[in-house]
Amino acid sequence: MKKLMTLVAILGLGAATVACAESREDAVNRLDNAALVLHQIMAAPDTGIPQQVLEHAKCIAVIPHMIKGGFVFGAENGKGVATCRTEHGWSAPDFFAITGGTWGLQIGVEGVDVVMIFQGDEGMRRLESAKFKLGADASAAAGPIGRSTSASTDWKLNTEVLTYSRAKGAFAGLTLTGADVRRDDDSMRAFYGHDVSTRSVLEGRVATPASAKSFIDAVRDAKEQARASN
């Protein structure tokens, strides 16, 4: 009996280790997918996030393949990654989840890539809070489209978060009013190996792991790509 209990304990420990490794792999895959989304969006010659928006971005978040679905009542559900500007470049990645519901005629289920641009220090503080609602706690609006678009003063002064979506190759501004954004505790622990605060990560007080390089490079290069396309 003792041998059997010992064997069960060993197998359980092994399963837990595998599960943790798989969770970290999922987190890394999310970073790589987010990097691919940014590269593809910025490679579009005529449409995309305007250079002026990227110049003023304090933080950039990407939700690769967010799921939207339903009929009459549509629901959103996705997991993303974010990074913020610091004195030494872009911060290590923060992992978050987004859930919410919007009324509208939506039929079927569709994978949507989402990009959120957080404007100014107030936008960054919303993200650091680790839990907020778009449209209630943080002002949000569909972002302007077009490489050479001259964004008006209004969004710079009054909007904390600009949102974009890409579905089936089409890129457009997206309204996510009412969506809840919260910290993804499981992914944060799996990726960093221990508990770290969202604020310490986004303020640049946590070293960026090598496995986040593809995402951080994609964010850093996005502004240069927009400038080159302008």
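The values are calculated or read from the model by the stated rules, or taken from the named source; none is laboratory data. If you're wondering where the values come from, they're calculated on a predicted model, not measured in any experiment. Glycine also receives a Cβ, built like all others from the backbone with ideal geometry; neighbour counts cover every protein chain displayed.
Values as computed for the structure displayed
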{"read-out": "Residue in the range 50-83 that is farthest from GLU203 (Cα to Cα), counting only those that are buried (at least 20 other Cβ atoms within 10 Å of the Cβ) and modelled with pLDDT under 70", "value": "LYS68"}
{"read-out": "Filtered residue count, the range 158-181, keeping only those that are part of a strand (DSSP E or B) and surrounded by 15 or more Cβ atoms within 10 Å (Cβ to Cβ)", "value": "10"}
{"read-out": "Residue, surrounded by the most Cβ atoms within 10 Å (Cβ to Cβ), within the range 84-95, restricted to residues that are within 14 Å of the chain's Cα centre (by Cα) and either at pLDDT below 95 or not in a strand (DSSP E or B) (or both)", "value": "PRO93"}
{"read-out": "Count of residues meeting criterion [within 14 Å of SER211 (Cα to Cα) and in a helix (DSSP H, G or I)] in the range 188-201", "value": "4"}
